[in-house]
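The values are calculated or read from the model by the stated rules, or taken from the named source; none is laboratory data. Here the structure is a predicted model, which is why all the values come from computation and not from measurement. Reconstructed Cβ throughout: ideal geometry from the backbone, glycine too, with neighbour counts over all protein chains shown. Accessible surface is based on the protein model in full, side chains and every heavy atom, while ligands, DNA and RNA are left aside. Shrake-Rupley method; radii C 1.70, N 1.55, O 1.52, S 1.80 Å.
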Amino acid sequence: MSFAATALCRDCLSLSQGVTESALRRCASCGSPRLVQHEEWQSLTIAHIDCDAFYAAVEKRDDPSLIDKPVIIGGGQRGVVSTCCYIARTYGVRSAMPMFKARALCKDAVIIKPNMSKYAAIGRQIRTMMLNLSPLVEPLSIDEAFIDLSGTERLHGSVPGQTLAQFARRVENEIGITVSIGLSYCKFLAKMASDLDKPRGYAVIGRAEAKEFLARQPVGMIWGVGKVGQARLEQMGFRLIADLQNVAVEDAIRKIGPEGQRLWRLAQGMDNRAVVPQRGAKSISAETTFNEDIAEREKLEQSLFLLSEKVSARLKSQKLAGKSVTLKLKSSDFKLRTRARALGAPTQLAMRIFEAGRDLLSKEVDGTAFRLIGIGISDFTPADLADRGDLIDQEVTKIKAREQAMDQLRARFGKDAIVKGLVFSPHRDKREETSINRAAPLDEDEAED
(Lines give C-alpha, C1' and ligand atoms only; values in the text may rest on other atoms or scores of the structure.)
Protein backbone atom coordinates (compact mmCIF):
# COMPACT_ATOMS: atom_id res chain seq x y z
CA MET A 1 0.00 0.00 0.00
CA SER A 2 1.69 3.19 -1.15
CA PHE A 3 -1.13 5.63 -1.70
CA ALA A 4 -1.78 9.14 -0.43
CA ALA A 5 -5.22 9.45 1.13
CA THR A 6 -7.26 11.04 3.91
CA ALA A 7 -7.20 9.12 7.19
CA LEU A 8 -9.95 9.30 9.83
CA CYS A 9 -9.20 8.96 13.54
CA ARG A 10 -11.95 6.92 15.21
CA ASP A 11 -11.16 8.39 18.63
CA CYS A 12 -10.94 12.16 18.06
CA LEU A 13 -12.69 12.04 14.63
CA SER A 14 -10.07 14.33 13.08
CA LEU A 15 -8.99 13.99 9.46
CA SER A 16 -5.39 13.81 8.30
CA GLN A 17 -4.99 14.92 4.69
CA GLY A 18 -2.54 13.43 2.19
CA VAL A 19 -1.49 10.55 4.43
CA THR A 20 1.17 8.25 2.98
CA GLU A 21 2.09 4.72 3.93
CA SER A 22 4.88 5.80 6.29
CA ALA A 23 2.54 8.05 8.29
CA LEU A 24 -0.38 5.68 8.76
CA ARG A 25 0.43 4.44 12.24
CA ARG A 26 -1.01 7.08 14.58
CA CYS A 27 -3.33 10.08 14.52
CA ALA A 28 -1.44 13.38 14.21
CA SER A 29 -3.91 15.08 16.59
CA CYS A 30 -4.36 12.61 19.47
CA GLY A 31 -1.81 9.86 18.82
CA SER A 32 -4.45 7.13 18.55
CA PRO A 33 -3.59 4.12 16.39
CA ARG A 34 -7.30 3.61 15.54
CA LEU A 35 -7.25 5.10 12.06
CA VAL A 36 -9.53 4.42 9.11
CA GLN A 37 -7.19 4.36 6.15
CA HIS A 38 -8.44 3.21 2.78
CA GLU A 39 -8.51 4.78 -0.66
CA GLU A 40 -12.28 4.27 -0.99
CA TRP A 41 -13.60 4.88 2.54
CA GLN A 42 -14.97 8.34 1.71
CA SER A 43 -17.05 7.11 -1.24
CA LEU A 44 -18.66 3.95 0.22
CA THR A 45 -22.20 4.09 1.66
CA ILE A 46 -23.38 0.59 2.68
CA ALA A 47 -22.53 -0.57 6.19
CA HIS A 48 -23.19 -3.50 8.48
CA ILE A 49 -23.29 -2.59 12.18
CA ASP A 50 -22.88 -5.41 14.70
CA CYS A 51 -22.84 -5.08 18.50
CA ASP A 52 -19.84 -6.85 20.06
CA ALA A 53 -20.83 -9.89 22.19
CA PHE A 54 -24.07 -8.00 22.81
CA TYR A 55 -25.72 -9.85 25.73
CA ALA A 56 -22.43 -10.29 27.57
CA ALA A 57 -21.45 -6.67 26.95
CA VAL A 58 -24.73 -5.45 28.47
CA GLU A 59 -24.20 -7.61 31.57
CA LYS A 60 -20.64 -6.33 31.99
CA ARG A 61 -21.88 -2.77 31.60
CA ASP A 62 -24.44 -3.31 34.36
CA ASP A 63 -22.00 -5.11 36.68
CA PRO A 64 -18.46 -3.70 36.43
CA SER A 65 -17.12 -6.53 38.62
CA LEU A 66 -17.51 -8.76 35.54
CA ILE A 67 -15.26 -6.66 33.29
CA ASP A 68 -12.18 -8.91 33.52
CA LYS A 69 -14.06 -12.20 33.91
CA PRO A 70 -15.18 -14.75 31.32
CA VAL A 71 -18.95 -14.37 30.97
CA ILE A 72 -21.29 -16.84 29.30
CA ILE A 73 -24.93 -16.01 28.63
CA GLY A 74 -26.95 -19.21 28.73
CA GLY A 75 -28.64 -21.49 31.16
CA GLY A 76 -28.89 -24.98 32.50
CA GLN A 77 -26.54 -27.88 32.07
CA ARG A 78 -28.44 -28.95 28.94
CA GLY A 79 -29.00 -25.55 27.36
CA VAL A 80 -26.81 -23.82 24.80
CA VAL A 81 -24.63 -20.72 24.86
CA SER A 82 -26.57 -17.66 23.68
CA THR A 83 -23.38 -15.64 23.51
CA CYS A 84 -20.16 -15.15 25.44
CA CYS A 85 -17.63 -12.40 25.98
CA TYR A 86 -14.31 -12.30 24.18
CA ILE A 87 -12.46 -13.52 27.27
CA ALA A 88 -14.57 -16.69 27.28
CA ARG A 89 -13.90 -17.12 23.57
CA THR A 90 -10.18 -17.46 24.26
CA TYR A 91 -11.07 -20.72 26.04
CA GLY A 92 -12.85 -22.01 22.94
CA VAL A 93 -16.41 -21.16 24.01
CA ARG A 94 -18.70 -20.24 21.12
CA SER A 95 -22.35 -19.30 20.56
CA ALA A 96 -24.75 -22.25 20.18
CA MET A 97 -22.29 -24.56 21.98
CA PRO A 98 -23.91 -26.96 24.50
CA MET A 99 -23.60 -25.53 28.01
CA PHE A 100 -21.99 -28.66 29.43
CA LYS A 101 -19.17 -28.31 26.90
CA ALA A 102 -18.77 -24.57 27.57
CA ARG A 103 -18.55 -25.22 31.33
CA ALA A 104 -15.88 -27.84 30.76
CA LEU A 105 -13.81 -25.51 28.57
CA CYS A 106 -14.09 -22.51 30.90
CA LYS A 107 -14.55 -23.67 34.49
CA ASP A 108 -14.21 -20.15 35.93
CA ALA A 109 -16.87 -18.61 33.71
CA VAL A 110 -19.68 -16.56 35.20
CA ILE A 111 -22.93 -18.02 33.84
CA ILE A 112 -25.82 -15.56 33.46
CA LYS A 113 -29.35 -16.43 32.38
CA PRO A 114 -30.47 -14.33 29.38
CA ASN A 115 -32.58 -11.26 30.17
CA MET A 116 -34.24 -10.79 26.80
CA SER A 117 -36.48 -7.88 27.78
CA LYS A 118 -33.43 -5.87 28.87
CA TYR A 119 -31.49 -6.74 25.72
CA ALA A 120 -34.46 -5.88 23.51
CA ALA A 121 -34.85 -2.46 25.15
CA ILE A 122 -31.19 -1.63 24.56
CA GLY A 123 -31.40 -2.98 21.02
CA ARG A 124 -34.30 -0.59 20.36
CA GLN A 125 -32.23 2.33 21.67
CA ILE A 126 -29.43 1.53 19.26
CA ARG A 127 -31.89 0.99 16.40
CA THR A 128 -33.36 4.45 17.04
CA MET A 129 -29.86 5.93 16.89
CA MET A 130 -29.35 4.22 13.52
CA LEU A 131 -32.63 5.62 12.20
CA ASN A 132 -31.42 9.10 13.13
CA LEU A 133 -28.61 8.55 10.61
CA SER A 134 -30.75 7.20 7.75
CA PRO A 135 -34.25 5.84 7.19
CA LEU A 136 -32.68 2.94 5.28
CA VAL A 137 -32.01 0.56 8.18
CA GLU A 138 -32.55 -3.18 7.69
CA PRO A 139 -32.45 -5.13 10.97
CA LEU A 140 -31.05 -8.65 10.87
CA SER A 141 -31.44 -9.39 14.57
CA ILE A 142 -31.66 -7.66 17.93
CA ASP A 143 -28.02 -6.54 17.72
CA GLU A 144 -27.15 -6.07 14.04
CA ALA A 145 -28.43 -4.25 10.99
CA PHE A 146 -27.55 -2.96 7.55
CA ILE A 147 -27.67 0.78 6.92
CA ASP A 148 -27.52 2.71 3.65
CA LEU A 149 -26.16 6.24 4.12
CA SER A 150 -26.42 7.31 0.48
CA GLY A 151 -27.29 11.01 0.16
CA THR A 152 -26.84 11.84 3.86
CA GLU A 153 -23.70 13.99 3.54
CA ARG A 154 -25.54 17.33 3.69
CA LEU A 155 -27.72 16.15 6.58
CA HIS A 156 -24.79 15.15 8.80
CA GLY A 157 -22.08 17.40 7.41
CA SER A 158 -19.79 14.42 6.84
CA VAL A 159 -19.30 11.52 4.46
CA PRO A 160 -20.92 8.19 5.49
CA GLY A 161 -17.65 6.68 6.67
CA GLN A 162 -17.10 9.55 9.11
CA THR A 163 -20.76 9.52 10.23
CA LEU A 164 -20.37 5.83 11.12
CA ALA A 165 -17.31 6.52 13.26
CA GLN A 166 -19.27 9.22 15.09
CA PHE A 167 -22.12 6.75 15.60
CA ALA A 168 -19.82 4.08 17.05
CA ARG A 169 -18.34 6.57 19.53
CA ARG A 170 -21.82 7.77 20.52
CA VAL A 171 -23.02 4.21 21.21
CA GLU A 172 -19.96 3.61 23.34
CA ASN A 173 -20.43 6.85 25.32
CA GLU A 174 -24.22 6.82 25.70
CA ILE A 175 -25.14 3.11 25.75
CA GLY A 176 -21.95 1.74 27.29
CA ILE A 177 -21.24 -1.07 24.81
CA THR A 178 -19.18 -1.27 21.63
CA VAL A 179 -20.04 -2.00 18.00
CA SER A 180 -18.07 -3.15 14.98
CA ILE A 181 -18.64 -1.62 11.57
CA GLY A 182 -18.14 -3.04 8.09
CA LEU A 183 -18.20 -0.51 5.23
CA SER A 184 -18.42 -1.42 1.56
CA TYR A 185 -20.37 -0.92 -1.66
CA CYS A 186 -22.77 -3.86 -1.11
CA LYS A 187 -24.43 -5.79 1.72
CA PHE A 188 -22.48 -9.02 1.24
CA LEU A 189 -19.08 -7.39 1.66
CA ALA A 190 -20.24 -4.97 4.38
CA LYS A 191 -21.32 -7.90 6.53
CA MET A 192 -18.10 -9.75 5.83
CA ALA A 193 -16.07 -6.63 6.71
CA SER A 194 -17.76 -6.20 10.09
CA ASP A 195 -16.24 -9.51 11.23
CA LEU A 196 -12.67 -8.64 10.24
CA ASP A 197 -11.68 -6.36 13.11
CA LYS A 198 -13.81 -7.34 16.12
CA PRO A 199 -14.32 -6.15 18.77
CA ARG A 200 -14.66 -2.36 18.48
CA GLY A 201 -13.74 -2.72 14.85
CA TYR A 202 -14.03 -0.74 11.65
CA ALA A 203 -13.10 -2.47 8.40
CA VAL A 204 -13.47 -1.39 4.78
CA ILE A 205 -13.69 -3.53 1.65
CA GLY A 206 -13.64 -1.45 -1.55
CA ARG A 207 -14.46 -2.27 -5.15
CA ALA A 208 -10.83 -2.34 -6.29
CA GLU A 209 -9.80 -5.09 -3.87
CA ALA A 210 -13.06 -7.07 -3.62
CA LYS A 211 -12.27 -9.96 -5.96
CA GLU A 212 -8.72 -10.38 -4.70
CA PHE A 213 -9.89 -10.30 -1.08
CA LEU A 214 -12.65 -12.81 -1.73
CA ALA A 215 -10.38 -15.18 -3.64
CA ARG A 216 -8.44 -16.02 -0.46
CA GLN A 217 -11.53 -16.86 1.61
CA PRO A 218 -13.05 -20.34 2.07
CA VAL A 219 -16.41 -20.89 0.38
CA GLY A 220 -17.98 -21.10 3.84
CA MET A 221 -17.55 -17.31 4.08
CA ILE A 222 -20.24 -16.80 1.43
CA TRP A 223 -23.51 -15.64 2.93
CA GLY A 224 -25.92 -18.55 3.32
CA VAL A 225 -23.33 -21.32 3.03
CA GLY A 226 -23.32 -23.34 6.26
CA LYS A 227 -21.15 -26.26 7.30
CA VAL A 228 -23.15 -28.78 5.29
CA GLY A 229 -23.17 -26.53 2.22
CA GLN A 230 -19.45 -25.90 2.55
CA ALA A 231 -18.70 -29.63 2.71
CA ARG A 232 -20.87 -30.20 -0.37
CA LEU A 233 -19.12 -27.44 -2.32
CA GLU A 234 -15.70 -28.75 -1.34
CA GLN A 235 -16.66 -32.19 -2.67
CA MET A 236 -17.38 -30.49 -5.99
CA GLY A 237 -13.94 -28.89 -6.01
CA PHE A 238 -14.90 -25.46 -4.65
CA ARG A 239 -12.72 -25.07 -1.57
CA LEU A 240 -11.85 -21.39 -1.89
CA ILE A 241 -14.00 -18.58 -3.31
CA ALA A 242 -11.31 -18.33 -6.00
CA ASP A 243 -12.43 -21.73 -7.26
CA LEU A 244 -15.88 -20.26 -7.93
CA GLN A 245 -14.42 -17.14 -9.49
CA ASN A 246 -12.45 -19.18 -11.99
CA VAL A 247 -15.38 -21.04 -13.58
CA ALA A 248 -17.99 -19.74 -15.97
CA VAL A 249 -21.38 -19.01 -14.44
CA GLU A 250 -22.92 -21.73 -16.64
CA ASP A 251 -20.52 -24.30 -15.17
CA ALA A 252 -21.33 -23.18 -11.63
CA ILE A 253 -25.05 -23.66 -12.31
CA ARG A 254 -24.47 -27.04 -13.98
CA LYS A 255 -22.39 -28.35 -11.05
CA ILE A 256 -24.18 -26.76 -8.09
CA GLY A 257 -27.71 -26.31 -9.37
CA PRO A 258 -29.92 -23.18 -9.35
CA GLU A 259 -28.04 -21.83 -6.32
CA GLY A 260 -24.87 -21.80 -8.41
CA GLN A 261 -25.69 -18.48 -10.06
CA ARG A 262 -26.12 -16.67 -6.71
CA LEU A 263 -22.90 -18.14 -5.32
CA TRP A 264 -20.97 -17.30 -8.49
CA ARG A 265 -22.17 -13.68 -8.45
CA LEU A 266 -21.24 -13.21 -4.79
CA ALA A 267 -17.84 -14.77 -5.48
CA GLN A 268 -17.28 -12.02 -8.06
CA GLY A 269 -18.28 -9.37 -5.51
CA MET A 270 -21.64 -8.75 -7.24
CA ASP A 271 -24.54 -8.02 -4.90
CA ASN A 272 -27.30 -5.66 -6.02
CA ARG A 273 -29.64 -6.20 -3.07
CA ALA A 274 -30.96 -2.97 -1.59
CA VAL A 275 -31.11 -2.19 2.12
CA VAL A 276 -34.79 -2.79 2.95
CA PRO A 277 -36.04 -0.72 5.92
CA GLN A 278 -37.61 -2.39 8.97
CA ARG A 279 -37.93 -5.88 7.58
CA GLY A 280 -40.67 -7.61 9.55
CA ALA A 281 -40.25 -10.92 11.30
CA LYS A 282 -40.96 -13.93 9.11
CA SER A 283 -42.01 -16.13 12.01
CA ILE A 284 -42.66 -16.08 15.75
CA SER A 285 -41.56 -19.08 17.80
CA ALA A 286 -40.71 -20.33 21.27
CA GLU A 287 -38.73 -23.37 22.37
CA THR A 288 -37.40 -25.01 25.52
CA THR A 289 -34.57 -27.41 26.32
CA PHE A 290 -35.43 -30.03 28.94
CA ASN A 291 -33.30 -30.79 31.98
CA GLU A 292 -33.74 -34.48 31.10
CA ASP A 293 -34.64 -36.10 27.78
CA ILE A 294 -38.39 -36.74 27.42
CA ALA A 295 -40.07 -39.45 25.35
CA GLU A 296 -43.56 -39.46 26.95
CA ARG A 297 -46.23 -37.83 24.81
CA GLU A 298 -48.10 -36.30 27.76
CA LYS A 299 -45.04 -34.45 29.07
CA LEU A 300 -44.13 -33.25 25.59
CA GLU A 301 -47.67 -31.95 25.10
CA GLN A 302 -47.58 -30.06 28.39
CA SER A 303 -44.44 -28.21 27.30
CA LEU A 304 -45.91 -27.68 23.84
CA PHE A 305 -48.98 -25.98 25.30
CA LEU A 306 -46.95 -23.56 27.42
CA LEU A 307 -44.87 -22.66 24.36
CA SER A 308 -48.04 -22.18 22.30
CA GLU A 309 -49.26 -19.67 24.88
CA LYS A 310 -45.99 -17.73 24.57
CA VAL A 311 -46.27 -17.62 20.78
CA SER A 312 -49.91 -16.55 21.04
CA ALA A 313 -49.04 -13.72 23.43
CA ARG A 314 -46.42 -12.38 21.03
CA LEU A 315 -48.84 -12.56 18.10
CA LYS A 316 -51.46 -10.64 20.07
CA SER A 317 -48.98 -7.98 21.20
CA GLN A 318 -47.92 -7.41 17.58
CA LYS A 319 -51.50 -7.59 16.24
CA LEU A 320 -50.58 -10.48 13.93
CA ALA A 321 -52.01 -13.87 13.05
CA GLY A 322 -50.40 -16.76 11.22
CA LYS A 323 -51.46 -19.46 8.78
CA SER A 324 -48.63 -21.98 9.09
CA VAL A 325 -47.47 -23.84 12.23
CA THR A 326 -44.05 -25.48 12.56
CA LEU A 327 -43.04 -28.03 15.20
CA LYS A 328 -39.37 -28.34 16.14
CA LEU A 329 -37.89 -31.34 17.95
CA LYS A 330 -34.28 -32.16 18.79
CA SER A 331 -33.45 -35.69 19.91
CA SER A 332 -30.89 -36.69 22.51
CA ASP A 333 -28.31 -37.25 19.75
CA PHE A 334 -28.87 -33.62 18.56
CA LYS A 335 -30.70 -34.63 15.37
CA LEU A 336 -33.27 -32.01 14.42
CA ARG A 337 -36.79 -32.68 13.21
CA THR A 338 -39.04 -29.93 11.82
CA ARG A 339 -42.61 -30.55 10.74
CA ALA A 340 -45.08 -27.99 9.39
CA ARG A 341 -48.71 -27.74 8.41
CA ALA A 342 -50.93 -25.05 6.95
CA LEU A 343 -54.00 -24.00 8.91
CA GLY A 344 -57.44 -23.67 7.40
CA ALA A 345 -57.58 -20.02 8.50
CA PRO A 346 -55.17 -17.58 10.18
CA THR A 347 -55.08 -17.64 13.97
CA GLN A 348 -53.45 -16.02 16.97
CA LEU A 349 -55.10 -18.30 19.54
CA ALA A 350 -52.91 -20.45 21.77
CA MET A 351 -55.34 -23.37 21.64
CA ARG A 352 -55.41 -23.45 17.85
CA ILE A 353 -51.61 -23.24 17.64
CA PHE A 354 -51.33 -26.02 20.21
CA GLU A 355 -53.85 -28.27 18.43
CA ALA A 356 -51.89 -28.01 15.17
CA GLY A 357 -48.62 -28.66 16.98
CA ARG A 358 -50.09 -31.61 18.86
CA ASP A 359 -51.23 -33.23 15.62
CA LEU A 360 -47.71 -32.90 14.23
CA LEU A 361 -46.21 -34.21 17.47
CA SER A 362 -48.41 -37.31 17.48
CA LYS A 363 -46.66 -38.55 14.34
CA GLU A 364 -43.21 -38.12 15.94
CA VAL A 365 -43.77 -39.84 19.28
CA ASP A 366 -42.14 -43.18 18.54
CA GLY A 367 -40.08 -43.83 21.66
CA THR A 368 -37.42 -41.26 20.75
CA ALA A 369 -36.24 -39.19 23.71
CA PHE A 370 -36.20 -35.48 22.94
CA ARG A 371 -34.02 -32.82 24.54
CA LEU A 372 -35.79 -29.83 22.95
CA ILE A 373 -39.24 -28.91 21.70
CA GLY A 374 -40.40 -25.75 19.97
CA ILE A 375 -43.42 -24.34 18.17
CA GLY A 376 -43.60 -21.48 15.68
CA ILE A 377 -46.05 -19.75 13.39
CA SER A 378 -45.51 -17.93 10.09
CA ASP A 379 -47.27 -16.69 6.95
CA PHE A 380 -48.61 -13.63 8.76
CA THR A 381 -51.84 -11.69 8.22
CA PRO A 382 -53.37 -8.79 10.19
CA ALA A 383 -55.08 -9.91 13.39
CA ASP A 384 -58.48 -8.58 12.33
CA LEU A 385 -58.60 -11.23 9.60
CA ALA A 386 -58.12 -14.09 12.07
CA ASP A 387 -60.32 -16.34 14.19
CA ARG A 388 -63.65 -15.19 12.77
CA GLY A 389 -65.24 -18.60 12.59
CA ASP A 390 -67.86 -19.81 10.11
CA LEU A 391 -70.57 -22.42 9.74
CA ILE A 392 -67.95 -25.17 9.70
CA ASP A 393 -65.82 -23.82 12.54
CA GLN A 394 -68.17 -22.46 15.21
CA GLU A 395 -65.93 -23.48 18.12
CA VAL A 396 -63.38 -20.74 17.38
CA THR A 397 -65.57 -17.96 18.77
CA LYS A 398 -65.81 -19.76 22.13
CA ILE A 399 -62.06 -20.34 22.28
CA LYS A 400 -61.44 -16.71 21.36
CA ALA A 401 -63.79 -15.43 24.08
CA ARG A 402 -62.10 -17.60 26.73
CA GLU A 403 -58.62 -16.48 25.74
CA GLN A 404 -59.64 -12.82 25.66
CA ALA A 405 -61.04 -13.12 29.18
CA MET A 406 -57.83 -14.75 30.43
CA ASP A 407 -55.69 -12.14 28.67
CA GLN A 408 -57.63 -9.35 30.42
CA LEU A 409 -57.13 -10.96 33.83
CA ARG A 410 -53.42 -11.46 33.19
CA ALA A 411 -53.07 -7.84 32.05
CA ARG A 412 -54.73 -6.68 35.28
CA PHE A 413 -53.26 -9.06 37.86
CA GLY A 414 -50.09 -10.37 36.22
CA LYS A 415 -49.27 -13.25 33.90
CA ASP A 416 -49.51 -15.82 36.73
CA ALA A 417 -53.03 -14.77 37.74
CA ILE A 418 -54.49 -17.42 35.42
CA VAL A 419 -52.94 -20.86 35.13
CA LYS A 420 -54.45 -22.92 32.36
CA GLY A 421 -53.78 -26.62 32.33
CA LEU A 422 -54.70 -29.51 30.05
CA VAL A 423 -55.94 -32.80 31.49
CA PHE A 424 -54.13 -35.38 29.38
CA SER A 425 -55.50 -38.88 29.05
CA PRO A 426 -56.08 -41.31 26.20
CA HIS A 427 -59.80 -40.57 26.31
CA ARG A 428 -59.88 -36.88 27.18
CA ASP A 429 -57.30 -35.37 24.91
CA LYS A 430 -59.05 -32.04 24.40
CA ARG A 431 -60.42 -31.28 27.85
CA GLU A 432 -59.09 -28.11 29.41
CA GLU A 433 -59.45 -26.58 32.86
CA THR A 434 -58.86 -23.07 34.09
CA SER A 435 -57.85 -22.26 37.63
CA ILE A 436 -57.26 -19.00 39.49
CA ASN A 437 -53.89 -18.62 41.14
CA ARG A 438 -54.85 -17.86 44.74
CA ALA A 439 -51.72 -15.82 45.24
CA ALA A 440 -53.34 -13.20 43.03
CA PRO A 441 -55.62 -10.47 44.48
CA LEU A 442 -59.14 -11.78 45.07
CA ASP A 443 -61.17 -8.62 44.53
CA GLU A 444 -60.89 -5.26 42.84
CA ASP A 445 -60.46 -3.23 46.04
CA GLU A 446 -57.53 -5.38 47.17
CA ALA A 447 -55.95 -5.15 43.75
CA GLU A 448 -56.17 -1.36 43.63
CA ASP A 449 -54.66 -1.01 47.09
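Hey, how much of the P(r) for the stretch 117-267 falls beyond 19 Å, as a percent of Cα pairs? Mind showing how you got there, number by number?
Values: 6671 of 11325 pairs.
Cα-Cα pairs in the stretch 117-267 separated by more than 19 Å: 59 percent.
Any idea how far apart residue 212 and residue 338 come out in nm if each label point goes 7 Å out from Cα toward Cβ?
Placing both labels 7 Å along Cα→Cβ, they lie 4.0 nm apart.
Compute the distance from the alpha-carbon center of the stretch 80-104 to that of the stretch 142-169, in whole Å.
32
Tell me, what is the per residue accessible area of the stretch 1-141 in Å², probe radius 1.4 Å? It would help to have the intermediate numbers written out before the result.
Values: 6750 Å² over 141 residues.
So the stretch 1-141 comes to 48 Å² accessible per residue, rounded to a whole number.
What pairs in 328/398; 282/323; 60/113; 310/400; 282/330; 319/400 have C-alpha atoms more than 18 Å from each other? Don't skip to the end; give the middle numbers.
Details: 328/398 28 Å; 282/323 12 Å; 60/113 13 Å; 310/400 16 Å; 282/330 22 Å; 319/400 14 Å.
Violating the 18 Å limit, Cα to Cα: 328/398; 282/330.
Report the accessible area of residue 293, computed with a 1.4 Å probe over the heavy atoms of all protein chains in place, in Å² rounded to the nearest 10.
My reading of the accessible area for residue 293 is about 60 Å².
Quick one: with all protein chains in place, what share of the accessible area of the stretch 56-186 is carbon or sulfur, to the nearest percent (1.4 Å probe)?
Working: 3090 of 5870 Å².
Summing carbon and sulfur atoms, their accessible area is 53 percent of the total for the stretch 56-186.
Report the normalised scattering of the stretch 66-105 as log10 I(q)/I(0) at q = 0.33 Å⁻¹, calculated by the Debye formula with identical scatterers on the alpha carbons.
Log-scaled intensity ratios, in q order: -1.16.
Arrange the peptides 315-326, 372-383, 165-176 so that the one whose residues have, on average, the most other Cβ atoms within 10 Å appears first. All intermediate terms of the calculation are to be shown ahead of the outcome.
On the way: 315-326: 18.4, 372-383: 20.0, 165-176: 15.8.
In descending order of packing, they fall as 372-383, 315-326, 165-176.
If you roll a 1.4 Å probe over the stretch 230-384 with all protein chains in place, what percent of the accessible area is carbon or sulfur?
Using a 1.4 Å probe with all protein chains present, the stretch 230-384 comes out at 48 percent carbon and sulfur.
For the stretch 232-368, count the residues as N, evaluate 2.2 N^0.38 Å, and divide the Cα radius of gyration by that value, please. If you can, show how the numbers build up before the last one.
Details: Rg = 21.0 Å, N = 137, 2.2 N^0.38 = 14.3 Å.
Against the empirical 2.2 N^0.38 Å value, I get 1.47 for the stretch 232-368.
Send over a whole-number figure in Å² for the accessible area per residue of the stretch 163-229, probe 1.4 Å.
Averaged over the residues of the stretch 163-229, the accessible area is 42 Å².
Where does each of 332-340, 299-307 land if you order them by average Cβ count within 10 Å, highest first? Please report the intermediate quantities before stating the final value.
Details: 332-340: 12.0, 299-307: 19.7.
Packing order, densest peptide first, comes out as 299-307, 332-340.
In whole percent, what relative contact order does the stretch 224-340 give with Cα contacts below 8 Å and a gap of six or more residues? Present the calculation step by step, with values, prior to reporting the outcome.
Working: 60 pairs, mean separation 15.6, N = 117.
Relative contact order comes out at 13 percent.
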